[in-house]
Amino acid sequence: MKIAVSGKGGVGKTLISAGLAKGFAERGLKTIAIDADSSPNLAVTLGLSAEEARKITPISENKELVDSKTNTGYSGVYRLTFSVDDIVRDYSMLTPFGVNMIVMGTVHSMGSGCMCAPNAVIRELLRHLIVERDEAIVLDMEAGVEHIGRGTASHVDVLIIVADSNLKALEIAKRIKDLAKIAGMKQIYLIGNRVMNEKQKKAIVAFAKKNNLEILGFVPFDQGVIEKDMQGISPLNFKELIAVKTIDNISEILIEKNN
């Protein structure tokens, strides 16, 4: 099962990505979480300390690794085919929740686009993880719509779009859905996040119905999540939090849908 999580910046997709990955791992699935956001926070949400997270070098910034994969010995000429399975073995980190994590760094294009060496390595690694690996994959994507293309992203089994009741977030969700449809993605779901009341829930439902967005679930606003984030502690350590419980339930729904 390969899942990509997308949405407008600031809507809470990292907590949902991490919560889904944790839920899959706890249900016996070997799981790899990929942080492809330009502001990587997945490590801390998956239980690593801020100090541990700061020591992680994103794949895109690991010059020695990138050069070893792409260098031909000629300036400006890059090797176009190379193996990346060793990157998963050597550069993934096991988190306290039993999820292996890889920090990619920014992916400038999921399909065609910049062919600079770091991008070539990232694209090939994503293709390998999504197309060739057997593990459950959860990809925490960069905010916005630019990353949705006809390339690697079209091979995921499920695209989850996260939005709150803010109209800007919902409009971006619609744009992501439209691009994903063009790219050939079959399972596209909306998760309404940080829902504070019935009015907000109804606003999300009305927008989704009008724009043919299938809703997978609603994650309630949870003050406990904010407090744990302020303390630098992963909210996922606290199963009693209603938001954490809800995301865990959604992970089970996704497993059932993709068995």
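The values are calculated or read from the model by the stated rules, or taken from the named source; none is laboratory data. Bear in mind that the values here come from a model prediction, so they are computed numbers and not experimental data. Positions of Cβ are backbone-derived with ideal geometry, glycine not excepted, and every protein chain shown enters the neighbour counts.
Checked against (1) surrounded by fewer than 16 Cβ atoms within 10 Å (Cβ to Cβ); (2) modelled with pLDDT under 85; (3) touching a strand residue (DSSP E or B) at 6+ places or on another chain (Cβ under 9 Å), Lys181 passes all but a single condition, namely (2). Looking at the range 167-177, is at least one residue closer than 22 Å to Met141 by Cα, among the hydrophobic types (A, V, I, L, M, F, W, C), touching an Asp or Glu at 6+ places or on another chain (Cβ under 7 Å) and not in a loop (DSSP other than H, G, I, E, B)? The answer is no, given that none of the residues of the range 167-177 is closer than 22 Å to Met141 by Cα, among the hydrophobic types (A, V, I, L, M, F, W, C), touching an Asp or Glu at 6+ places or on another chain (Cβ under 7 Å) and not in a loop (DSSP other than H, G, I, E, B). When the residues of the range 48-64 are filtered to those that are within 17 Å of Arg123 (Cβ to Cβ) and in contact with a helix residue (DSSP H, G or I) (Cβ under 7 Å, 6 or more places away or on another chain), the one that is modelled with the highest pLDDT is Ile59. Among residues of the range 241-259 being among the polar types (S, T, N, Q) and outside any helix (DSSP H, G or I), the one that is farthest from Phe221 (Cα to Cα) is Asn259. Annotation note: Cβ proximity below 6 Å between a residue of the range 214-227 that is more than 24 Å from Val44 (Cα to Cα) and a residue that is surrounded by 14 or more Cβ atoms within 10 Å (Cβ to Cβ) and not basic (Lys, Arg) (sequence gap 6+ or interchain) occurs for Glu214/Tyr189; Ile215/Leu190; Ile215/Ala208; Leu216/Tyr189; Leu216/Ile191; Gly217/Ile191; Gly217/Ile250.
Looking only at the range 83-99, residues that are surrounded by fewer than 19 Cβ atoms within 10 Å (Cβ to Cβ) and in contact (Cβ under 8 Å) with a residue 60 or more places away in the chain come to 2 in all. Do we find that Ile204 is farther than 20 Å from Phe24 by Cβ, buried (at least 17 other Cβ atoms within 10 Å of the Cβ) and touching a residue at least 60 places away in the same chain (Cβ under 8 Å) in this structure? Judged against the criteria, Ile204 is not a match. If you check Leu236 against the conditions, is it crowded, with 20+ Cβ neighbours inside 10 Å, in a strand (DSSP E or B) and within 18 Å of the chain's Cα centre (by Cα)? So Leu236 does not fit the description; no. Out of everything in the range 224-238 that is touching a helix residue (DSSP H, G or I) at 6+ places or on another chain (Cβ under 8 Å) and of a type outside the set (A, V, I, L, M), what residue ends up being modelled with the lowest pLDDT? Applying the filter and picking the extreme gives Gly232.
Checking each residue in the range 157-198 for being farther than 19 Å from Gly12 by Cβ and either touching a Pro at 6+ places or on another chain (Cβ under 7 Å) or of a type in the set (Lys, Arg) (or both) picks out Lys181, Lys186.
Pairing each residue of the range 231-259 that is at positive phi with any residue that is surrounded by 19 or more Cβ atoms within 10 Å (Cβ to Cβ) and outside any loop (DSSP other than H, G, I, E, B), provided the two are 6+ apart or on different chains, yields C-beta distances under 9 Å for Gly232/Val44. Being in contact with a Pro (Cβ under 9 Å, 6 or more places away or on another chain) and at pLDDT 95 or above, is that true of even one residue in the range 207-223? Yes, the range 207-223 contains at least one residue that is in contact with a Pro (Cβ under 9 Å, 6 or more places away or on another chain) and at pLDDT 95 or above. Does at least one position in the range 16-26 carry a residue that is surrounded by fewer than 24 Cβ atoms within 10 Å (Cβ to Cβ), in a loop (DSSP other than H, G, I, E, B) and of a type in the set (D, E, K, R)? Checking the range 16-26: not a single residue is surrounded by fewer than 24 Cβ atoms within 10 Å (Cβ to Cβ), in a loop (DSSP other than H, G, I, E, B) and of a type in the set (D, E, K, R). When the test is whether a residue is under 17 Å from Leu15 (Cα atoms) and in contact (Cβ under 8 Å) with a residue 12 or more places away in the chain, Leu125 does not pass it.
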